[in-house]
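Here is the structure we will look at.
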Amino acid sequence: MSKQSGKKKNSNASNGSSFDNLELFLLHLPTTLWYLIFCYAPMFGIVIAFKNYKVRPGKSFLYSLFVNSKWCGFKNFESLFKSSYFSTMMRNTIVYNIIFIILGIVIPVTLAILFNEIYSKKLAKVCQTMMFLPHFLSWVVISYFVYAFLATDRGLVNNLSRHLGILKADQANPQWYLNPGFWTWFLVFLNQWKGLGYGMVVYLATIAGIDQEMYEAALIDGASKAQQTKYITIPMLRPVMSIMFIMAVGNIFRSDFGLFYQATRNSGALTNITQTIDVYVFKALLEQNNINISSAASLVQSVAGCITIILANIVVKKIDSEAGLF
Amino acid sequence: MAKIKVQPIKYMRVKPTTNVLISALFIILGLMCFMPALLVLIVSLSDEAAVAKNGYSYFPEAWSLGAYAYLAKQTGYIGRAFVNSIGITVFGTVLGLVTTSTMGYALSRPNYRLRGFFTWFIFIPMLFSGGLVASYMINTGILGMKDTYWALVLPICCSSFYCIVMRTFFQTSVPEAIIESAKIDGAQQMRIFIQIVLPISLPAIATIGLFLTFQYWNDWMMAKYYLSSNVQDKYPLQYVLIALEDSITFLTRNKDKMGVDASASLPSETIRMAMVMVAVLPIACAYPFFQKYFVSGLTIGAVKG
């Protein structure tokens with residue numbers, strides 16, 4: 001990013017006059033204000049995490065924060081780290097993200113390579129369109145889809161298994177929303193299912209951009225399809241894979257709130273596997289109104305995320321200097 | 001001539017049996033993504049009594065349009081939700097396009113002196129954010145957006161990703177010569193942007209516009225954060241679905257305590273599924289036609305800059 005901005009073209013004197021600069025600045029002034037209010041102000045809002053926040057009724061937020069609330073150093077963080085949820089939410093967030101990142105690269109790359117080999121382009125197009133559908137749906141809608149399958153009394157799964165005799169007449173319907181063992185893996189499935197069509201797109205576009213002459217040359221040298229994939233397609237996909245990887249690793253402390261909270265219908269029995277940092281922050285802030293501890297958790301998430309994305313970028317750049325994101 | 005062209009491609013193909021296997025795999029994957037939506041559609045078109053008797057099924061005993069007829073007659077917050085969702089989507093999309101395209105254009109001008117500074121200015125929020133709590137406190141405490149429509153639109157109207165896609169598009173697809181000739185004719189930047197750059201950048205506008213439209217139509221998080229139950233008439237469609245789900249869970253949980261099953265007073269299952277379909281159908285009908293814009297948007301976005 002910095003490389004490009006440094007390259008200023010020196011063209012005609014008529015360009016780049018101070019008048020131009022002013023006009024361009026005024027043009028994007030509203031956007032700049034938006035960034036200041038909605039991105040930069042919250043960055044200073046992290047001071048909440050170092051305060052023992054107390055609301056003074058009838059006074060403004062700023063008064064409550066700066067006059068009414070005392071500085072308390074790292075006390076909020078101490079109580080966060082000591083609380084019993086902390087290890088659970090860190091474990092859920094990180095372990096699930098590692099699984100999501102690995103599958104989120106392996107599955108779409110494999111599928112994109114296979115997809116390209118389908119003879120009938122029409123069939124391929126239809127399948128791709130269908131696979132894209134979940135990406136365009138919200139988690140609220142998907143939670144209803146899931147419910148249609150997993151509902152205890154009317155759900156399709158329980159219905160079918162009764163019809164097919166898997167459930168005996170004297171057996172009660174299984175309550176899927178109370179079964180953490182099932183959801184542990186079902187969450188992984190849902191995540192991959194929703195991202196399948198979207199994940200393939202970037203790789204498909206990259207494959208389409210590979211110079212066909214390379215394959216022709218390989219063919220003349222007698223390379224098999226597997227060898228072509230191994231020595232041409234995958235190396236050509238590597239830069240895109242590493243960008244996707246850095247972006248995913250940078251978000252390793254973030255979790256899909258919709259997946260963990262909405263799709264599971266916030267079922268209490270599943271808390272042990274669905275309590276991620278985002279779910280915890282949301283519940284602490286809006287359900288328990290505990291601003292101190294939720295702001296601490298929120299800041300830990302931001303700082304840890306910022307460090308990981310920078311580290312991931314450095315590591316990827318060390319391996320391949322062209323592949324970094326910035 | 002044609003034969004010569006076909007030959008090499010044929011050599012590069014996989015074996016026919018492999019093709020059948022791969023095709024089958026993708027048909028299964030495609031159906032896996034599509035069938036759940038079909039189930040909900042069929043349930044919404046099923047007769048309520050049949051659903052109560054047999055549960056959800058792809059082959060209901062009786063069909064009925066009753067659920068949709070019921071929805072069409074709603075005037076309360078359920079009927080209102082549809083209007084809210086459309087209004088928020090339109091307003092948010094326009095606002096999002098204005099903010100991202102102006103920033104994208106300014107950053108695409110090679111002679112803009114503050115270009116380097118503002119490139120970092122939009123890039124830093126991609127690395128670090130104040131987090132939910134700080135945003136929430138500022139939006140509700142200072143800006144007073146709790147329980148207003150603004151809260152559903154403003155916090156998500158701009159994003160650095162969209163700005164970068166716009167900038168990349170303007171850089172690569174708008175010829176420098178056009179802008180310079182307009183400048184020689186004495187046009188100001190504002191006029192160049194509106195009358196020259198925007199009309200020839202319709203593909204980028206369409207792409208980001210679609211991203212924004214889907215984003216606003218599908219958004220429920222902002223409503224969950226910022227709307228309380230005092231303002232039911234401001235609920236967007238997605239949030240009404242959540243609110244119904246929550247109240248049904250609440251009522252069934254407390255069924256034993258209250259002695260009666262009060263969930264009967266709420267919209268029935270087929271009606272709720274019909275509401276889901278109202279939220280899904282516009283998207284499901286539209287996206288196959290706009291898919292290519294999404295693909296191009298994603299591929300532009302993946303180009304680093």
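The values are calculated or read from the model by the stated rules, or taken from the named source; none is laboratory data. On a predicted model such as this, the values are computed, not experimentally measured, just so you know. Positions of Cβ are generated from backbone atoms using ideal geometry, with glycine treated the same way; all protein chains shown enter the neighbour counts.
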Here are some residues: A:I48, A:I102. Which one is closer than 30 Å to A:G197 by Cβ and of a type in the set (V, I, T)? A:I102
If A:Y215 satisfies all but one of (1) over 26 Å from B:K15 (Cα atoms); (2) at pLDDT below 90; (3) surrounded by 17 or more Cβ atoms within 10 Å (Cβ to Cβ), what's the number of the condition it fails? (1)
Residues within segment B:26-53 that are at the interface with another protein chain (Cβ under 7 Å from one of its Cβ atoms) and in contact with a Pro (Cβ under 6 Å, 6 or more places away or on another chain), tallied: 1
Can you name every one of the helices (runs of 4 or more DSSP H) wholly within segment B:202-253 that holds 1 or more residues which are without any contact (Cβ under 8 Å) to a residue 12 or more places away in the chain, in the same structural domain as B:L95 (by TED's automatic domain parsing) and surrounded by fewer than 18 Cβ atoms within 10 Å (Cβ to Cβ)? B:202-218, B:237-253
Can you spot a residue in segment A:211-234 that is closer than 25 Å to A:L133 by Cβ, facing another protein chain (nearest Cβ under 10 Å) and free of Cβ contacts under 8 Å to residues at least 60 places away in the same chain? no
Any chance you could count how many residues in segment A:138-157 are buried (at least 22 other Cβ atoms within 10 Å of the Cβ), outside any helix (DSSP H, G or I) and more than 7 Å from every other protein chain (Cβ to nearest Cβ)? 0
Yes/no for A:Q262 being within 24 Å of A:L80 (Cβ to Cβ) and of a type outside the set (V, I, T): no
Residue under question is B:L127, and the condition is that it be modelled with pLDDT of 90 or more and within 8 Å of chain A (Cβ to nearest Cβ); does it hold? no
Would you check which residues across segment B:66-115 are small (G, A, S) and either surrounded by fewer than 18 Cβ atoms within 10 Å (Cβ to Cβ) or within 16 Å of B:A243 (Cβ to Cβ) (or both) and list them? B:G66, B:A69, B:A72, B:G76, B:G79, B:A81, B:S85, B:G87
Could you please give the count of residues in segment B:133-150 that are touching a residue at least 60 places away in the same chain (Cβ under 8 Å) and crowded, with 21+ Cβ neighbours inside 10 Å? 3
Filter segment A:113-137 for residues that are in a helix (DSSP H, G or I), in contact (Cβ under 8 Å) with a residue 12 or more places away in the chain and more than 7 Å from chain B (Cβ to nearest Cβ) and give the result. A:I113, A:Q128, A:H135
How many residues are more than 7 Å from chain A (Cβ to nearest Cβ) and assigned to a helix (DSSP H, G or I) when one looks only at segment B:8-17? 4
Residue check, A:G268 against (1) of a type outside the set (A, V, I, L, M, F, W, C); (2) in contact (Cβ under 8 Å) with a residue 12 or more places away in the chain; (3) closer than 22 Å to A:I94 by Cα, all met but one. Which one? (2)
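Yes/no per residue for (1) at pLDDT 90 or above; (2) crowded, with 21+ Cβ neighbours inside 10 Å:
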site	(1), (2)
A:Y231	yes, no
A:P235	yes, no
A:F245	no, no
A:A248	no, no
A:N251	no, no
A:S255	yes, yes
A:T264	yes, yes
A:T271	yes, no
A:I277	yes, yes
Could you say whether any residue in segment A:73-93 is within 14 Å of chain B (Cβ to nearest Cβ), within 30 Å of B:Y293 (Cα to Cα) and among the polar types (S, T, N, Q)? no
Of everything in segment A:179-210, what is surrounded by fewer than 14 Cβ atoms within 10 Å (Cβ to Cβ), closer than 20 Å to A:W139 by Cβ and more than 12 Å from every other protein chain (Cβ to nearest Cβ)? Give them in sequence order. A:W185
